[in-house]
Amino acid sequence: MNEELRCIGCGSIIQSEDKQGLGYTPASAVKKGLETNELYCQRCFRLRHYNEIAPVSLTDDDFRRLLSHIRDTKALIVYVVDIFDVNGSIIPGLHRFVGDNPIMLVGNKEDVLPSSLRRNKLQDWLRQQVNQAGIRPVSTMLVSAKKNHQVEALLDEIDQRRGDRDVYVVGVTNVGKSTLINQILKLRTGVQDLITTSRFPGTTLDQIEIPLADGHQLVDTPGIIHPEQMAHVLPDKDLKIVAPQKEIKPRTYQLQDQQTIFLGGVARFDYLKGPKVGMVGYFDNNLPMHRTKLANADHFYAKHFGTLLTPPSGEDAKNFPPLHRFEFAAKEKSDLVFEGLGWMTVPAGSVVAGWAPTGVAVLMRPAMI
């Protein structure tokens, strides 16, 4: 692709190879755009014609440049995290990058957590999690962008908090940030010429500016790539099995030590030491889980991976990275978290191990529930 071809909406270099990348445009659309002298990337085209924002992502270096720009502005930062994958949503060093600008914390996808969980308790827990990363939000809200739950309330809170500021919406990939922005657009479509696009000076990153009533802007920024997320090792068809779309139903297993639970073929939980106890797993309802003895686990995985233990399957199983082991001792009731997949809640005094594809993080945190 000719590097001189740029989207007239956002300035990104036009390319037809990477559908998830900046500037992606099907080759047929490039030809038509050149003929009409209106060459837009697919993201800008959808934005102009359908008021639909498609997600794009950026690297750590791109993100540092983006945030250094925000730090020099007078802005309210709306920081969106996936409430089902909080640890995978954390942006390291965010508090250092945004300077003195206030941060609003928004926990998205709250609809996938059990409805029995008290939301005020969940808000407190979420705030504590980001506090550990040095982030001190001025307020914390829970929303479901997909179900348009509490989005209007979020806009009211933004209006109260921003004062004489622009608003920047930031988050890692796969937290539902673009879905949230699209819901905001639906609530504000009475405005003519609603969307403008621009880019930060000196980069090919695009930002999307939504005009606010007082002349300020609500700015959507590209998502930051976190390579430790499960989403980066599974194809889309398998992500639909492991990433919850509906309210999850906790699954309880009566376990004694030296037992293993396989989470499809993508992860493994070993109960190494502790009392016989009911352990609860919080994973997508469609994810198959199989229990076996720890002594037999390696053989079981080698024999059934890609068939009984799925996803992955077929060609995807052949290219799937090997599982890497992490061991933990729980000093209090804790969650053993498989980033982007879910977690097992384990009792105090237990010793456990979590296995995940190489590159995907497994960690232990104080129990959410």
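The values are calculated or read from the model by the stated rules, or taken from the named source; none is laboratory data. These numbers were taken from a predicted model, which means no experiment stands behind them. Virtual Cβ from ideal backbone geometry, glycine too; neighbours counted across all protein chains shown.
Across region 40-81, what is the number of residues that are modelled with pLDDT of 85 or more and not hydroxyl-bearing (Ser, Thr, Tyr)?
Counting residues in region 40-81 that are modelled with pLDDT of 85 or more and not hydroxyl-bearing (Ser, Thr, Tyr) gives 9.
Residue by residue, here is whether (1) within 14 Å of the chain's Cα centre (by Cα); (2) modelled with pLDDT under 85 holds:
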| residue | (1), (2) |
| --- | --- |
| Asp220 | no, yes |
| Ile224 | yes, yes |
| Val242 | yes, no |
| Lys246 | no, no |
| Lys249 | no, no |
| Leu255 | no, no |
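Conditions tested, residue by residue: (1) assigned by TED's automatic domain parsing to the domain that holds Glu339; (2) touching a helix residue (DSSP H, G or I) at 6+ places or on another chain (Cβ under 8 Å); (3) of a type in the set (A, V, I, L, M).
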| site | (1), (2), (3) |
| --- | --- |
| Arg251 | yes, no, no |
| Gln259 | yes, yes, no |
| Gly264 | yes, yes, no |
| Val277 | yes, no, yes |
| Phe283 | yes, yes, no |
| Pro288 | yes, no, no |
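Of all residues in region 109-127, which are part of a helix (DSSP H, G or I), without any contact (Cβ under 8 Å) to a residue 60 or more places away in the chain and over 20 Å from Asn148 (Cβ atoms)?
Residues satisfying the conditions are Asn120, Lys121, Asp124, Leu126, Arg127.
Hey, could you check region 339-356 for residues that are of a type outside the set (Gly, Ala, Ser) and assigned to a strand (DSSP E or B) and say which is nearest to the chain's Cα centre (by Cα)?
Step by step, filter region 339-356, then rank; the result is Trp343.
Could you please find all residues in region 331-369 being of a type in the set (Asp, Glu) and either in contact with a Phe, Trp or Tyr (Cβ under 9 Å, 6 or more places away or on another chain) or closer than 20 Å to Ala297 by Cα (or both)?
Selection gives Asp335 alone.
Please enumerate the residues belonging to region 262-276 that are more than 18 Å from Leu363 (Cβ to Cβ) and crowded, with 16+ Cβ neighbours inside 10 Å.
Of everything in region 262-276, those that are more than 18 Å from Leu363 (Cβ to Cβ) and crowded, with 16+ Cβ neighbours inside 10 Å turn out to be Phe262, Gly264, Gly265, Gly274.
Condition test on Val106, is it part of a helix (DSSP H, G or I) and under 17 Å from the mean Cα position of the chain (by Cα)?
Criteria not met by Val106.
Return the residues of region 142-158 that are under 18 Å from Asp220 (Cα atoms) and in contact (Cβ under 8 Å) with a residue 12 or more places away in the chain; say none if nothing qualifies.
Selection gives Val143, Ser144, Ala145, Lys146, Asn148, Val151, Glu152, Leu154, Leu155, Glu157, Ile158.
Quick one: would you say Pro235 is closer than 25 Å to Leu341 by Cβ, within 23 Å of the chain's Cα centre (by Cα) and at pLDDT below 85?
Taking the combined requirement at face value, the residue satisfies it.
Can you tell me which of (1) surrounded by 14 or more Cβ atoms within 10 Å (Cβ to Cβ); (2) without any contact (Cβ under 8 Å) to a residue 24 or more places away in the chain is the one Asp100 doesn't meet?
(1)
Conditions first: (1) modelled with pLDDT under 90; (2) in a helix (DSSP H, G or I); (3) out of contact with any strand residue (DSSP E or B) (no Cβ under 8 Å at 6 or more places or on another chain); (4) over 26 Å from Met230 (Cα atoms). Leu185 passes all but one, so which condition is the exception?
(3)
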